[in-house]
1. Scan segment 184-204 and report the pairs whose first residue is over 19 Å from residue 130 (Cβ atoms) and whose second residue is part of a strand (DSSP E or B), with Cβ atoms within less than 6 Å and a gap of 6+ or a chain change.
2. Restrict the check to segment 221-243 and report whether at least one residue is under 25 Å from the mean Cα position of the chain (by Cα), under 30 Å from residue 131 (Cα atoms), at pLDDT 80 or above and in a loop (DSSP other than H, G, I, E, B).
3. Output the residues belonging to segment 318-340 that are part of a loop (DSSP other than H, G, I, E, B) and within 28 Å of the chain's Cα centre (by Cα).
4. Return the total of residues in segment 88-124 being part of a helix (DSSP H, G or I) and in contact (Cβ under 8 Å) with a residue 24 or more places away in the chain.
5. Looking at segment 248-275, which of its residues are surrounded by 17 or more Cβ atoms within 10 Å (Cβ to Cβ) and either under 19 Å from the mean Cα position of the chain (by Cα) or closer than 21 Å to residue 143 by Cα (or both)?
6. So, residue 323, is that one at pLDDT below 90, closer than 21 Å to residue 166 by Cβ and either exposed (fewer than 15 other Cβ atoms within 10 Å of the Cβ) or touching a strand residue (DSSP E or B) at 6+ places or on another chain (Cβ under 8 Å) (or both) or not?
7. From the list 325, 298, 316, 338, pick out the single residue that is farther than 26 Å from residue 182 by Cα and out of contact with any helix residue (DSSP H, G or I) (no Cβ under 6 Å at 6 or more places or on another chain).
8. Condition first: surrounded by fewer than 12 Cβ atoms within 10 Å (Cβ to Cβ) and modelled with pLDDT of 80 or more. Now tell me which residues in segment 31-49 satisfy that.
């Protein structure tokens, strides 16, 4: 059945992802060891041009502690995906000395419980993920930087001059980001009419200020998709087709493509003590957080000179985030902040999306 094939593909994809992480691990640990110990504070502020949506979008203040090959991230927003967000007093700890299966831990400091970020999913978790995939749009989004350029932002009414001002403790030059395009593709030929109506109801609820976490929308359980119409193309027709123009097999594609140009600003500081390459190494550790992964993708671009102490990044087609690096200092910390407190209990299901 198709459901079994999708399950097998999903498991293989996750296996390849784990293997890729493990391949990078020695290089990443070496880079972290060469960095000094430091404290870094950054703020996230999410906005949208969709009416009312900005009211429910979160903001967050993140505190990052780095010592040796250990990293701790204190946050109030552990994840933000498809309008689902988990809030609270949370800490994410990466212990580079531990075995890979025990390297990542999330602490819920309010409930005093912790969960290790597991690599192996249960049969039920995998089935639930497949159910969601089979009843949702196939969506992909890429940030196109082919025509991106940076121009100095100007200030003043009569006498224009390049904009330079302080961001936190750092003097920064401001630039306008031009030609930043989010390209998205959405396919839905595999969806039933019921799927489409249910997904539309979810989006309408969100646009009116609702929260998907409160709606209790359960994925539809199905053994397989309905079969596509019988194909009439012969084997001879298929193999004799012109290169690159093979006849389409299976369901007729229902695909929608869109491009949205983003206007963004970035502030680059020559005073910031950390280099972009060092930041990328830290962000690679905390990539399980989706919004941090977007930040990592953005700063990998060829940026103007300096460190991006403030920048706008597209997170979703209708949502952007302003990230501000408020504070940085080299420091030493008590090693206990990188360990699980003795009075915390393990709860393997506290964060089901991790």
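1. Once the first residue is over 19 Å from residue 130 (Cβ atoms) and sits in segment 184-204, its partners that are part of a strand (DSSP E or B) give 184/141; 184/258; 185/140; 185/257; 186/139; 186/256.
2. Taking segment 221-243 as the starting set, the residues that turn out to be under 25 Å from the mean Cα position of the chain (by Cα) are none.
Within segment 221-243 (the criterion being under 25 Å from the mean Cα position of the chain (by Cα), under 30 Å from residue 131 (Cα atoms), at pLDDT 80 or above and in a loop (DSSP other than H, G, I, E, B)), the answer is no, since none of the residues qualifies.
3. Answer for segment 318-340, where residues must be part of a loop (DSSP other than H, G, I, E, B) and within 28 Å of the chain's Cα centre (by Cα): 318, 339, 340.
4. Within segment 88-124, residues that are part of a helix (DSSP H, G or I) and in contact (Cβ under 8 Å) with a residue 24 or more places away in the chain number 1.
5. Those that are surrounded by 17 or more Cβ atoms within 10 Å (Cβ to Cβ) and either under 19 Å from the mean Cα position of the chain (by Cα) or closer than 21 Å to residue 143 by Cα (or both): 264, 266, 267, 268.
6. Working: at pLDDT below 90: no; closer than 21 Å to residue 166 by Cβ: yes; either exposed (fewer than 15 other Cβ atoms within 10 Å of the Cβ) or touching a strand residue (DSSP E or B) at 6+ places or on another chain (Cβ under 8 Å) (or both): yes.
No, not satisfied.
7. Numbers: 325 fails: farther than 26 Å from residue 182 by Cα; 298 fails: farther than 26 Å from residue 182 by Cα; 316 fails: farther than 26 Å from residue 182 by Cα.
Sole residue among the options that is farther than 26 Å from residue 182 by Cα and out of contact with any helix residue (DSSP H, G or I) (no Cβ under 6 Å at 6 or more places or on another chain): 338.
8. Here is the first cut: in segment 31-49, the ones surrounded by fewer than 12 Cβ atoms within 10 Å (Cβ to Cβ) are 33-34, 49.
Passing the criteria: 33, 34.
The values are calculated or read from the model by the stated rules, or taken from the named source; none is laboratory data. This structure is a prediction, so every number in the text was calculated from the model and none was measured. Because the Cβ atoms are built from the backbone with ideal geometry, glycine has one as well, and the counts that use them run over all protein chains shown.
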